[in-house]
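These notes are about the structure you will find just below.
What follows draws every value from the coordinates through simple rules; no lab data is involved. Just so it is clear, the structure is predicted and the values come from calculations on it, not from any experiment. Every residue, glycine as well, gets a Cβ built from its backbone with ideal geometry; the counts of neighbours run over all protein chains shown.
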Amino acid sequence: MTELSLRAATKDDSDLLLAWVNDSHTRQMSFSKKPVARADHERWLENKLRDPNCLLYIVIDAAGKPLGQVRFDIGPDREAVISASIDPEFRGRGIGAASLRLATLEACRTAELTAVRANVLPENAASLRAFERAGYGPPRSTEHLGMPALCLTFRA
Ligand SMILES: CC(C)(COP(=O)(O)OP(=O)(O)OC[C@H]1O[C@@H](n2cnc3c(N)ncnc32)[C@H](O)[C@@H]1OP(=O)(O)O)[C@@H](O)C(=O)NCCC(=O)NCCS
């Protein structure tokens, strides 16, 4: 597999992030199914980029090509919630699991996190498997945004 690294997202990644968030499979596997409008996305990204409690990474290959994104929203007690997606072209090659692992370790180190939680739709088999491969604990049934969900936790 290609060598992966991380860089911080910037406002120049706006179009890329918008394309990824509106990818049809990503919408289908999200808790909110509606496509994201450009203006809402731009406002959202601006806020995330200046939020000290958000870490937004772009996963890149050895040539610097963006492959996906991993985001951590840090709450009280140094616990974070993770959200991620891989470019549809690069899915199913182990990049998702490796990216989740790389980004989780980096976020735990730089932000001194104690735990990271992933909320996943029960039907999102690829995501469940990728988080388990990345070292997250077994899924536990819960509710997220009013919907049945599985929560997996990484303990730093
Ligand atoms: C979830 C996602 C990040 C996984 O990335 P990926 O690069 O496709 O995953 P990997 O190739 O690392 O595969 C991870 C595991 O899932 C399995 N897998 C991959 N696609 C699968 C599928 N469609 N159905 C079932 N299992 C699947 C792989 O076989 C692998 O398991 P293994 O190691 O036991 O063989 C990616 O599919 C994605 O971006 N999905 C849309 C957004 C999303 O669902 N995000 C997660 C919510 S936070």
>> Give the lysines reachable from Lys34 as a straight Cα distance under 22 Å; neighbours fewer than 8 places away on the same chain don't count.
In response: Lys48
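I need Phe154, Phe90 ordered by Cβ neighbour count within 10 Å, fewest first. Walk me through the intermediate numbers first.
Numbers: Phe154 22, Phe90 18.
Listed from fewest to most nearby Cβ atoms, that is Phe90, Phe154.
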> For the range 1-58, rounded, prolate or oblate, judged on the Cα gyration tensor with a ≥ b ≥ c (square roots of eigenvalues), a/c < 1.5 rounded, else prolate if a/b > b/c?
Replying inline: oblate
> Do any GluC sites (Glu not before Pro) in the range 1-93 lie in a DSSP loop with no more than 16 other beta carbon atoms within 10 Å, and if so, which?
Replying inline: Glu3
